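Each remark here refers to the structure printed beneath this line.
The values are calculated or read from the model by the stated rules, or taken from the named source; none is laboratory data. Owing to the predicted nature of the structure, the values given are computational and were not obtained by experimental measurement. Ideal geometry is used to build each Cβ from the backbone, glycine not excepted, and the neighbour counts take in all protein chains shown.
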Amino acid sequence: MCAETERGNVLGVGIDMVSVPEIRRLIGLADGTFLTRVFSEEERGTAKGEPDPAAFLAGRFAVKEAVFKAAAHLLPEKSFDLREVETLREADGSPRVRVPEALGKKLRDAGVRAFLVSISGEGELVIAIAEAVR
């Protein structure tokens with residue numbers, strides 16, 4: 001399949017790299033607002049059971065930013081609340097994105113039917129990529 005044909009299904013691509021030590025620092029702030037402003041209750045709860053909650057949340061933050069970069073330009077307001085992008089695990093461990101119905105409707109109206117995401121980490125860095133697809 002040629003690149004032109006494949007590109008017709010991709011509405012946007014986003015990539016983001018996050019420093020695990022920086023996320024660890026933000027988590028450690030006394031007021032706790034970073035966690036509640038950025039992550040859903042489910043993401044925060046899942047992180048508590050992880051061997052390294054900061055690395056886990058760094059990956060989730062990278063996905064949120066990558067999804068934002070892949071899709072926000074398609075929306076009339078060019079923005080959305082990062083808490084609305086949740087990264088969950090499929091049974092095989094691969095990441096998947098869930099958005100609430102209100103944002104989902106806006107994205108569908110813009111032509112987005114799904115997000116393809118991947119997260120990878122090495123040492124103190126985590127990277128995520130997201131494709132908004134028809």
Which of (1) crowded, with 16+ Cβ neighbours inside 10 Å; (2) of a type in the set (A, V, I, L, M); (3) assigned to a helix (DSSP H, G or I) is the odd one out, the single condition ALA102 does not satisfy? (1)
Hey, VAL18 among the aliphatic types (A, V, I, L, M) and crowded, with 16+ Cβ neighbours inside 10 Å or not: yes
Residues satisfying the stated conditions in region 105-134, i.e. part of a loop (DSSP other than H, G, I, E, B) and either small (Gly, Ala, Ser) or within 12 Å of ALA72 (Cα to Cα) (or both): ALA110, GLY111, VAL112, GLY123
Looking at region 6-35, which of its residues are modelled with pLDDT of 90 or more, over 16 Å from ILE119 (Cβ atoms) and polar (S, T, N, Q)? ASN9
GLU43 passes all but one of (1) charged (D, E, K, R); (2) buried (at least 19 other Cβ atoms within 10 Å of the Cβ); (3) over 24 Å from ALA102 (Cα atoms); which number fails? (3)
Residues within region 7-46 that are hydroxyl-bearing (Ser, Thr, Tyr) and part of a helix (DSSP H, G or I), tallied: 3
Verdict on VAL97 being β-branched (Val, Ile, Thr) and touching a helix residue (DSSP H, G or I) at 6+ places or on another chain (Cβ under 8 Å): yes
Return the residue satisfying two criteria in turn: it lies in region 50-83 and is part of a helix (DSSP H, G or I) and among the aromatic types (Phe, Trp, Tyr), and of such residues it is surrounded by the most Cβ atoms within 10 Å (Cβ to Cβ). PHE61
Taking the options ARG113, ARG89, ARG134, name whichever one is out of contact with any Cys (no Cβ under 9 Å at 6 or more places or on another chain), surrounded by fewer than 13 Cβ atoms within 10 Å (Cβ to Cβ) and either among the polar types (S, T, N, Q) or within 24 Å of PRO21 (Cα to Cα) (or both). ARG89
